[in-house]
Amino acid sequence: MSRVVVLGGTGAMGAQVSSLLRECGHDVVAASRATGVDVATGAGLDAALAGADTVVDCLNVVTMSRRTAVSFFAGAASRVADAAATAGVGHVVCLSIVNVTDPAVRRLTGYYAGKAAQEEAYAAGPVPLTLARTTAWFSLAETFLSQIRIGPVAVVPGLRLQPVHPCAAAEFVADAVESGPASGSPPRVEVRQLAGPEVMDAAAMARAVASARHPGVRVVRLPLPMAGPRVGLLPEAHVPTDPRTFDGWLTS
């Protein structure tokens, strides 16, 4: 049995990952500000990571600001990487986004820029790293309805996505922990990827959620003029897919 610290372990995704890892027999510590661990300042981080074999980063911040996102994600990753090295942690697993380091994608929003900076900060550290990149989760459709909102109107960019079930994303991260770090010296950075079964339009996803759950909301699709941002979040053909569909998630 190994000791696994899940940062952001009380959030929606972190809680799912923590539960799956416990079912696999791991000793799991779900760390967050609620448990006294603040990655923004480093408070409680050394104590939480003491004796850990693996650290899983499921941290998140809800922002569209580039400065805020880069400061949070890159700063937290640097502090976690340093604390993990000091504690003798053997493996860091970071939940990330397919294609987020592509220049066209990281320019798309401040949030993506922050996630790209997070990957770079972990990769610069000494602890073996697995980047568990997924495409957008089905639940992002709910977020689209509130990001750019004018009264009952939600403006949603015309992104093409290949979204994946949130449960599949959690299972994917837990599997990365189970598999352990990639072999090699010096420590390698392993990239794993997962996508959903079908290409969808972000506005269409938001309309479907609005129709099923928020009938008073009207979705307006915002066309994107350049192909890079429009299709940059789509995975390459060889990326493994999970078969669970958006319609199945919406009606479940």
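Descriptive notes on the structure:
- Some residue of the stretch 33-40 being among the hydroxyl-bearing types (Ser, Thr, Tyr), touching a Ser or Thr at 6+ places or on another chain (Cβ under 9 Å) and more than 20 Å from Ala132 (Cα to Cα): yes
- When restricted to residues that are modelled with pLDDT under 95 and under 23 Å from Val5 (Cα atoms), the stretch 61-80 contains 2.
- Any hit, the stretch 84-92, residues being among the hydroxyl-bearing types (Ser, Thr, Tyr), touching a residue at least 24 places away in the same chain (Cβ under 8 Å), part of a strand (DSSP E or B) and farther than 22 Å from Ala116 by Cβ: no
- The residues in the stretch 93-115 that are in contact with a strand residue (DSSP E or B) (Cβ under 9 Å, 6 or more places away or on another chain), hydrophobic (A, V, I, L, M, F, W, C) and in contact (Cβ under 8 Å) with a residue 60 or more places away in the chain can be counted, and the count is 6.
- Residue within the stretch 148-156 that is under 18 Å from Asn60 (Cβ atoms) and of a type outside the set (Asp, Glu) present: no
- Annotation note: of Thr41, Thr63, Thr54, Thr35, the sole residue that is farther than 21 Å from Tyr111 by Cα and without any contact (Cβ under 8 Å) to a residue 60 or more places away in the chain is Thr35.
- Within the option set Ala182, Ala154, being in contact with a strand residue (DSSP E or B) (Cβ under 6 Å, 6 or more places away or on another chain), at pLDDT below 95, outside any helix (DSSP H, G or I) and more than 15 Å from Val98 (Cβ to Cβ) holds for one residue only, Ala182.
- If you go through the stretch 205-230 and keep only what is surrounded by 16 or more Cβ atoms within 10 Å (Cβ to Cβ) and part of a helix (DSSP H, G or I), you end up with Met205, Ala206, Arg207, Ala208, Val209, Ala210, Pro229, Arg230.
The values are calculated or read from the model by the stated rules, or taken from the named source; none is laboratory data. None of these values were measured; they are calculated from a predicted model. Using ideal geometry, Cβ is built from the backbone for each residue, glycine included, and neighbour counts are taken over all protein chains shown.
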